[in-house]
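Each remark here refers to the structure printed beneath this line.
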Amino acid sequence: MGVVYQVPSVRMHLIDTFDRGVRSSPDGLCFTMADDTQQMTYREVAAASHRIAAKLRDSGLGKGSKVGVLSPNASIAFVCILGALRADCSWVPLNTRAVPKDLIGLLELTECELLFFHPSLAPLTEEIRVALPSIHTAVAIDGIEEWMAAEGATVPQPPHDKDHPAILFPTGGTTGRSKAVQITHAMAELMNLGFAAHMPEPESPPIMAMAAPMTHAAGPICFPVFARGGTVVIHDGVDPQALLESIQRHRVTRIFLPPTAIYSLLAQENVRDFDYSSLRHFIYAAAPMSVSKLKESIEVFGPVMTQTFGQAEAPMILTVMSPQEHADALAEDPDRLASAGRPSLVADVAIMDDDGNLLPAGEVGEIVVRGSIVMPGYYKDPEQTETTRRAGGWHGTSDVGRMDEAGYVYIVDRLRDMIISGGFNIWPSEIEQTIHAIEGVADVAVIGLPDEQWGEVVTAVVQMKPELPELDVAEVRALCKEKLGPVKAPKQIFFRELPRSPAGKVLKRTLRDEYWSESGRAV
């Protein structure tokens, strides 16, 4: 009888992912701001993170402690995140554009004890500290050198505990009060492995431009870059001209943006004047993308568009559509560009009906996922956790979709975005796709507005490209009626700038609340 070998599971702490980069490229550039300030090598970042971790440990913080970081994108802010992880604390990402009440609620929920903050947010930090005396320490990141432990201080590597939350990730933003997802070290490890498997860059370490907020997906997906000893070029927000120039100047190989931010790049008159030959993966996620804008993106940026679908509860890479799959779809089946790709190597994805039955190809239901990439639950919120549980151990994403015979997933809409008009269930996404394709449209959101006769009427809120005139309402309605039928054609069309979250998502809840406020009802 032969020898039986048991392959051990990897089970890495999230800081181990960063330390792989330190070992492979100690003198390589880890962080730089887009304007070439705040440049730090892996060796320098590692030393600073040890000093921060040592100070946290000396302050009595460690496993089970929660550390918040309240800052726009900045190299020093990310070093604070790494220091908190190295001390075995859990990172609480804080949206700098959130109202104080929501930040206070999240910090109270997560039992945060220490807060790193950007000096520009000192007044907000003081307001938070007055409301929450439990935050016993607040440290301005521009004074971090004086606060951290002495040079040369180190801490032992944190023990591996796959079930311990590395991140308490806030959710909600576009739909209501935030909850805190427990992203464990095991979940983070799977996410990193998923990105590594589906987005290889074997020629050299990746160079990633981070312009979307680090408090959202853009922050965690830096870790696969760290593992390769790559560079993160940090932008404080999406400035289209600065970002296009940065891709060319820094020879960026990957970038992540939500579709609305990509639309702002495409709207630049000189978008075709830059060199994008370094790009390998232009990752888009967080919302469905207009097929017409996607085709334009492939034409402008090259065969590099890469889609992922995920959520904090099952982070970032449940499905993937590679650059090659985009090219194949464009050549052979353009309708497939509307899909979110096929299940990734780290997730099991299916479609489920309201009774818990898995559906065959082509039928519409809730997109569900299972596997170790799914959260153990919302922090201190078993009731809300239970609302995500589905039959057979599946997690419900609250996204409605279908899967074709080849395994491609198509997101129809969010369950909560469904419009019920005259007894018909109407999904806004296909109406938005139709209007997106009209020349001059920068973005569009379709919502239901109250109506005495129909319950809700389909309403399109359209944002035009800068300095372009509004469209003829009758022509837009006629086009939608021709392509989608009279039930789905918008009965009302408004032109205005759309409200957005810091991650670039259109805030449909804000739109809906605004237009429904005078109706006296919410459904």
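Quick notes on this structure:
- Against the list (1) of a type in the set (A, V, I, L, M); (2) modelled with pLDDT under 95; (3) surrounded by 17 or more Cβ atoms within 10 Å (Cβ to Cβ); (4) farther than 22 Å from P288 by Cβ, the condition M375 fails is (2).
- Against the list (1) of a type outside the set (F, W, Y); (2) in a strand (DSSP E or B); (3) closer than 15 Å to L294 by Cα, the condition I351 fails is (3).
- Note on the stretch 136-147: among residues that are touching a residue at least 60 places away in the same chain (Cβ under 8 Å) and out of contact with any strand residue (DSSP E or B) (no Cβ under 6 Å at 6 or more places or on another chain), the one that is surrounded by the fewest Cβ atoms within 10 Å (Cβ to Cβ) is D142.
- Counted residues, the stretch 416-441 - those being of a type in the set (S, T, Y) and either in a loop (DSSP other than H, G, I, E, B) or modelled with pLDDT of 90 or more (or both): 1
- Looking only at the stretch 148-171, residues that are without any contact (Cβ under 8 Å) to a residue 60 or more places away in the chain and under 31 Å from the mean Cα position of the chain (by Cα) come to 0 in all.
- Some residue of the stretch 115-135 being modelled with pLDDT of 95 or more, exposed (fewer than 12 other Cβ atoms within 10 Å of the Cβ) and outside any helix (DSSP H, G or I): no
Yes/no matrix, rows are residues, columns are (1) more than 21 Å from L94 (Cβ to Cβ); (2) in contact with a strand residue (DSSP E or B) (Cβ under 6 Å, 6 or more places away or on another chain); (3) polar (S, T, N, Q):
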site	(1), (2), (3)
V225	yes, yes, no
T231	yes, yes, yes
V238	no, no, no
L244	yes, no, no
Y276	yes, no, no
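- Looking only at residues in the stretch 429-457 that are of a type in the set (V, I, T) and within 28 Å of the chain's Cα centre (by Cα), the one that is nearest to R512 (Cα to Cα) is I447.
- The residue of the stretch 382-397 that is nearest to V349 (Cα to Cα), among those that are part of a helix (DSSP H, G or I) and either among the polar types (S, T, N, Q) or in contact with a helix residue (DSSP H, G or I) (Cβ under 6 Å, 6 or more places away or on another chain) (or both), is T385.
- Count of the stretch 403-415 residues which are under 18 Å from A286 (Cα atoms) and either at pLDDT 90 or above or assigned to a strand (DSSP E or B) (or both): 7
- Of all residues making up the stretch 291-325, the number that are assigned to a loop (DSSP other than H, G, I, E, B) and without any contact (Cβ under 8 Å) to a residue 40 or more places away in the chain: 3
- Candidates are the residues of the stretch 464-492 that are of a type in the set (K, R) and assigned to a helix (DSSP H, G or I); the one that is surrounded by the most Cβ atoms within 10 Å (Cβ to Cβ) is R477.
- Screening R336 with (1) of a type in the set (K, R); (2) closer than 27 Å to K488 by Cα; (3) free of Cβ contacts under 8 Å to residues at least 24 places away in the same chain gives one miss only, at (3).
- Against the conditions (1) surrounded by fewer than 20 Cβ atoms within 10 Å (Cβ to Cβ); (2) touching a residue at least 40 places away in the same chain (Cβ under 8 Å); (3) in contact with a His (Cβ under 7 Å, 6 or more places away or on another chain), R251 satisfies every one except (3).
- For the residues D328, D275, the requirement of being in a loop (DSSP other than H, G, I, E, B), more than 17 Å from G401 (Cβ to Cβ) and over 14 Å from the mean Cα position of the chain (by Cα) singles out D275.
- Test: residue in the stretch 423-438 that is farther than 21 Å from V291 by Cα, in contact (Cβ under 8 Å) with a residue 40 or more places away in the chain and surrounded by fewer than 22 Cβ atoms within 10 Å (Cβ to Cβ): yes
- Evaluation of D333 against (1) at positive phi; (2) at pLDDT below 95 (one fails), failing number: (1)
- Annotation note: of D16, D102, the sole residue that is part of a helix (DSSP H, G or I), within 20 Å of the chain's Cα centre (by Cα) and surrounded by fewer than 21 Cβ atoms within 10 Å (Cβ to Cβ) is D102.
- Subset of the stretch 28-74 (residues that are buried (at least 16 other Cβ atoms within 10 Å of the Cβ), over 25 Å from E108 (Cα atoms) and among the hydroxyl-bearing types (S, T, Y)): T32, T41, Y42, S49
- Residues in the stretch 339-348 that are surrounded by fewer than 17 Cβ atoms within 10 Å (Cβ to Cβ) and either touching a Ser or Thr at 6+ places or on another chain (Cβ under 7 Å) or part of a loop (DSSP other than H, G, I, E, B) (or both): L345 alone.
- Filter pass, A287 being modelled with pLDDT under 95, under 28 Å from M187 (Cβ atoms), surrounded by fewer than 23 Cβ atoms within 10 Å (Cβ to Cβ) and not β-branched (V, I, T): yes
- Entry remark, the stretch 37-80: residues being small (G, A, S) and assigned to a strand (DSSP E or B) number 1 in total.
- Verdict on E269 being among the charged types (D, E, K, R) and touching a residue at least 40 places away in the same chain (Cβ under 8 Å): no
- Residue check for M187: under 17 Å from the mean Cα position of the chain (by Cα), crowded, with 18+ Cβ neighbours inside 10 Å, modelled with pLDDT of 95 or more and within 25 Å of G28 (Cβ to Cβ): no
The values are calculated or read from the model by the stated rules, or taken from the named source; none is laboratory data. All figures in this text were calculated on a predicted structure; none of them were measured in a lab. Heads up, the Cβs are rebuilt from the backbone with ideal geometry, glycines too, and the neighbour counts pull from every protein chain shown.
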